[in-house]
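To start, the structure itself, in structure tokens.
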Amino acid sequence: MMIYDASGRHPAPSVAAEIAAAGKAVTFVARARGRHEVVLRDLLTDWELREPNAQVIVEHGTMPVNDVFDELRPLSVNAGVTEIERLVGSTPLRARPPSGFELHKIGDAVSRRSANAAMLDALRLGVQF
């Protein structure tokens, strides 16, 4: 069995460990093509390894579900926009709004990241007020 890990995070190796623990042979893949043949290619040297496989498991990470964010965006005082440059500095993003709410995307809603990255985003936003 072959596991294609596109995200470089923990889910694909975790699946591979479970499959290997069940007594199956596991191979990790960087790139794959074809229905039953996987081609591993070194992008610097063009060296190729071709392997036939009955199954290929692809782990691409997560895709954000933005439905609630998109619905709340026009109702927020900041239109859902986070000023990243100011977020990482010590200056507050802006004064606290007298009414309404600010809306910010954090963690996996922005891009594939770990829970620790999401908590750091939340901490940075939280200390602004």
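Coordinate-derived values only; no laboratory data. Given the structure is predicted, the values throughout are model-derived calculations rather than measurements. Please note: Cβ atoms are built from the backbone with ideal geometry, for glycine as well, and neighbour counts cover all protein chains shown.
Show me, for segment 50-58, the HN-Hα J-couplings you get by feeding each phi into the Karplus relation (A = 6.51, B = -1.76, C = 1.60, θ = phi - 60°), rounded to Hz, glycine and proline as x.
Listing the rounded values in order: 10, 9, x, 9, 6, 9, 10, 9, 10 Hz.
Let me check against my output: what whole-number percent is the relative contact order of segment 67-126, with C-alpha pairs under 8 Å and at least 6 apart? Please report the intermediate quantities before stating the final value.
Values: 48 pairs, mean separation 19.3, N = 60.
Reported relative contact order: 32 percent.
Ile19 to Leu43: FRET efficiency via 1/(1 + (r/R0)^6), r the Cβ-Cβ distance, R0 30 Å, to the nearest 0.05?
Numbers: r = 27 Å, r/R0 = 0.90.
After rounding, the FRET efficiency stands at 0.65.
With θ set to phi - 60°, apply the Karplus curve 6.51 cos²θ - 1.76 cosθ + 1.60 along segment 13-22 and write out the HN-Hα couplings as whole Hz, x wherever there is a Gly or Pro.
Computed from phi, the couplings for segment 13-22 are x, 5, 5, 4, 5, 5, 5, 5, 5, 7 Hz.
Taking only the alpha carbons of segment 67-126, what extent do you get along each of the three principal axes, in Å, biggest first?
Between the extreme Cα coordinates on each principal axis of segment 67-126 lie 32, 31, 16 Å.
How high is the relative contact order of segment 2-59, in percent, with contacts defined as C-alpha pairs under 8 Å that are six or more residues apart? Intermediate values should be presented prior to the final figure.
Values: 78 pairs, mean separation 24.4, N = 58.
Computed over segment 2-59, the figure is 42 percent.
Amide H to amide H, which residues 5 or more places from Glu59 or on other chains are under 5 Å from it, using H placed in the peptide plane?
Tyr4, Asp5, Ala6
Efficiency by 1/(1 + (r/R0)^6): what FRET value for Leu123 and Ser76, r their Cβ-Cβ distance, R0 = 25 Å, to the nearest 0.05?
Numbers: r = 20 Å, r/R0 = 0.81.
E between Leu123 and Ser76, to the nearest 0.05, is 0.80.
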